[in-house]
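Here's the structure, in structure tokens; my notes come after.
Derivation of every value follows stated rules applied to the coordinates shown; laboratory data play no part. Bear in mind that the values here come from a model prediction, so they are computed numbers and not experimental data. Backbone-built Cβ (ideal geometry, glycine too); neighbour counts: all protein chains shown.
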Amino acid sequence: MRRSPRLRRGAGRTLLIALLLAAAATVAACGSSDSDGAAKSGGEGGGGTTAVKIGVVPAATFAPVFVGVEEGIFARHGIDLQIDVGGLAPTVFPRILKGQLQLGANTWGTLVTAKAQGLPLTGIAPVDRGGETADDDYQGIIAKPGGARSLAELNGKTVAVPTLKSFTDSQVRAVLAEGGVDVDSVRFIAIPFPEIPAALKAGRVDAAGVVEPFFSEAKADGGTPLASLSRGQLMGSIVAADRWVRDDPDAVRAFQAAWAETLRFSLDHPDAVRAALTSGLRIPPAVARRMTLPIWQESVEAEQVQEISDMMLDTGAIERPVEADSIITPFPLPGS
């Protein structure tokens, strides 16, 4: 597996493919009417602002979206950001392709999967990266209470991931392999993130790959963190349709400028991020206070995304190579 010189190693797939390809077919069949109509209704509004609708996966990774709105950063850059919380790639990406959303807050790994299926989507901005150890990462592999004390003890065991053939699934398999585990001996089962702590506590699985706030919940229940899942890799990405970037570059640049300021503010004001976890994602304040936060990433390089793409190819999540340059829009986008 290729290593980035800057970083230390860092709905099932069938449903994802079916829904995304169906959405692409719908867009092609309808011509430009759906997309054009959405672009006009989300274009220049009153007061010289541009309405931009973003679909946000309900995960701690995307707390800065709410910070930027609450601090007025997007408004200062002429962006009326409308947040639609809920859904994963199988629902958010088709809505982007149909013009119902201009943006989606998702992950670089999920974008790699979409691009491997030929979907015209691009990452216009980074969001974060994870830590490099089980102590400073906001996601990790964690064993059930009283269970394994090391990765090596997971040979032949049952491990939960949110979705098979997903970004997290690939991360888990890569970490296990690096830890000397015979990955073919492991039984992987799909359990949604919110249900993983209960599954660990009940002993239904021996270990799981999980993110905050569920990582902290599993630790509070007596689970044993075994390894970082991120290992410094890039995680979140702001995703757009290629067509929107081409047709409305001014809106893209305005969003990117606001987003860069939002990330800098989030880096400097972790308390505002924790408050946003509660106000935007309804995470209880006590949980938000104890969570390990992501490391907000103000830049993205092709080699970092290529590392993710290579990992997903190596672990079988995608069947053909995806070149990083094909899914990255410059941040910031050049132009006036």
### Message
Tell me the net charge near P145. Cut-off is 13 Å between Cβ atoms, P145 excluded, with +1 for each Lys or Arg and -1 for each Asp or Glu.
### Response
+2
### Task
Compute the Rg/Rh shape ratio of segment 138-277: radius of gyration over Kirkwood radius, all on alpha-carbon atoms.
1.09
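At 25 °C and 0.890 mPa s, what whole-number value in µm²/s does Stokes-Einstein give for the translational diffusion of segment 70-190, with Rh from the Kirkwood sum over Cα pairs?
Values: Rh = 17.2 Å.
Value of D from the Cα-based Kirkwood radius: 143 µm²/s.
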### Derived scalar couplings ³J(HN,Hα) [segment 210-223; Karplus, 6.51 cos²θ - 1.76 cosθ + 1.60; whole Hz; x for Gly, Pro]
8, 10, 5, x, 6, 5, 5, 4, 5, 5, 5, 7, x, x
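Out of segment 114-165, which trypsin sites (Lys or Arg not before Pro) are coil in DSSP terms and have no more than 15 other C-beta atoms within 10 Å?
Values: sites: K115, R129, R149, K157, K165; in loops: R149, K157, K165.
Hits after loop and neighbour filter: R149.
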### Query
For R282 and E323 in one chain, what is 0.36 nm times their gap in residues minus the Cα-Cα distance, to one decimal in nm?
11.1 nm
### Query
Taking 0.36 nm per residue of separation and subtracting the Cα-Cα distance, what length does fully extending D221 through L164 add?
18.0 nm
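Placing +1 at every Lys and Arg Cβ and -1 at every Asp and Glu Cβ, with all other atoms neutral, what dipole size does segment 139-228 have around its Cα centre, in debye to the nearest 20? Walk me through the intermediate numbers first.
Details: 9 positive and 10 negative charges, 31 e Å.
My answer is approximately 140 debye.
Counting Lys and Arg as +1 and Asp and Glu as -1, what is the net charge of the other residues whose Cβ lies under 13 Å from the Cβ of F215? Please report the intermediate quantities before stating the final value.
Working: positive: K219, R290; negative: D135, D136, D137, E212, E217, D221.
Charge balance near F215 sits at -4.
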### Query
Once amide H atoms are placed 1.01 Å from N in the peptide plane, what residues at a sequence separation of 5 or more from L229, or on another chain, have their amide H within under 5 Å of its amide H?
Q139, G140, I141
### Query
Among S279, A174, G55, whose Cα sits farthest toward the positive end of the charge dipole of the chain (+1 at Cβ of Lys/Arg, -1 at Cβ of Asp/Glu, about the Cα centre)?
A174
### Query
Which value in nm describes the separation of the simple spin-label points at T49 and A177, placed 7 Å from the Cα toward the beta carbon?
4.7
### Task
Find, to one decimal place in angstroms, the Kirkwood hydrodynamic radius of segment 256-318, where the mean of 1/r is taken over every pair of different Cα atoms and then inverted.
14.0
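With both partners inside segment 139-228, how many of the DSSP beta bridges are antiparallel, as a percent to the nearest 5?
Details: 9 of 15 bridges.
In segment 139-228, approximately 60 percent of DSSP beta bridges are antiparallel ones.
What area, in nm² and to one decimal, does the C-alpha convex hull of the chain cast on average over all directions?
Quarter of the Cα hull surface area: 15.8 nm².
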### Task
Tabulate in residue order the Karplus-calculated ³J(HN,Hα) for segment 106-118, using 6.51 cos²θ - 1.76 cosθ + 1.60 with θ = phi - 60°, rounded to whole Hz; enter x for Gly and Pro.
9, 10, 4, x, 5, 5, 4, 4, 5, 5, 4, 9, x
### Task
Please compute the net charge surrounding S228, taking Lys and Arg as +1 and Asp and Glu as -1 over other residues with Cβ under 9 Å from its Cβ.
-3
#### Entry: Fully extended contour minus Cα-Cα distance, from L267 to I189, at 0.36 nm per residue
24.6 nm
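Only bridges whose two residues both fall in the chain count here: according to DSSP, what percent of them are antiparallel, nearest 5?
Details: 23 of 40 bridges.
For the chain, the DSSP antiparallel bridge percentage is about 60.
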